[in-house]
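Worksheet for the structure shown next.
Just so it is clear, none of the values below were taken in a lab; they were calculated from the coordinates. These numbers were taken from a predicted model, which means no experiment stands behind them. All Cβ positions, even for glycine, are placed from backbone atoms using ideal geometry, and neighbour counts span all protein chains on display.
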Ligand code: DX5
Ligand code: ZN
């Protein structure tokens, strides 16, 4: 799933259409507040704008300190899934439940240094678990292998039904190991938008993931 963070925002509509035609399962939108992460990116108006130019599911990754305050606005703007961070909210369960009650998929993200035990009590409240393979805040960072251990552990558990998503440094070399470890959704920013031929790159990413598992 392409992360728009790495796209050319000056040509948002053609960028979205260029990846849409390849049959990607959705678009990943990175929201940053300059507080939870040391960077500022997009907000509600851009999610609204993307909603107007595509029918693809919008996967909104909230790297913000107080997500509860904004989930209604992002849902209204067109978010189909919203992912909050365990490191931002001491008890994310009510926020996850609220996301579900708004009719969106509820996601919980976990940073590389945070152990899986931190999200244990939240698992029944999640439709999606976003395993971060970099520290959030910036695109183009190096994939951290700790994510593979977490994906493996989560995918081996029979009591975890949530979709497993991986984000950060996912590219031609790392997508296969992620698929093998049990990831079902793969977020890629730099690996797609910093190449000249998006369809060819997406096809190659897909085939590298499939060759490990038969996944899509
Ligand atoms: C990082 C973001 C990612 C980012 C990934 O804070 O959550 O979604 O766009 O970018 P790449 O694929 O370049 O690591
Ligand atoms: Zn992200």
_Run the paramagnetic zone check for residue 54: 7 angstrom along Cα to Cβ, then residues of the range 167-196 with backbone nitrogen under 12 Å._
188-189, 193
_Among beta bridges that DSSP assigns inside the range 4-211, antiparallel share in %, nearest 5_ = 5 percent
*Would you mind calculating the relative contact order of the range 4-211 from Cα pairs under 8 angstrom and at least 6 residues apart, reporting the percent as a whole number?*
16 percent
*Got a sec? How would 1, 212 order by Cβ neighbour count within 10 Å, fewest to most?*
212, 1
*In nm, to one decimal, how far is the residue 155 label point from the residue 20 one, both placed 7 Å along Cα→Cβ?*
3.1 nm
*Using 0.36 nm per residue of separation minus the Cα-Cα distance, give me the extension gain between residue 13 and residue 121 in nm, one decimal.*
34.9 nm
*Given the peptides 169-179, 94-104, arrange them by the average over their residues of other C-beta atoms within 10 Å, most packed first.*
169-179, 94-104
*Prolate/oblate/rounded call for the range 4-211, Cα gyration tensor, a/c under 1.5 rounded*: oblate
*How would you order 18-27, 182-191 from highest to lowest mean count of nearby Cβ atoms within 10 Å?*
182-191, 18-27
_Antiparallel DSSP beta bridges within the range 99-197, percent to nearest 5_ = 0 percent
*For labels at residue 211 and residue 91 in the simple 7 Å Cα→Cβ model, what's the distance in nm?*
4.9 nm
*asked:* What distance in nm lies between label points placed 7 Å from Cα along the C-beta direction at residue 73 and residue 142?
replied: 3.7 nm
*Most fluctuating residue given options 195, 54, 83, as computed from a GNM of the chain linking Cα atoms under 10 Å*: 195
*asked:* Counting only helical runs of four or more DSSP H residues, what would the 222 nm mean residue ellipticity of the chain come to if each run contributes -39,500 (n - 2.57) and the total is spread over all its residues?
replied: -9500 deg cm²/dmol
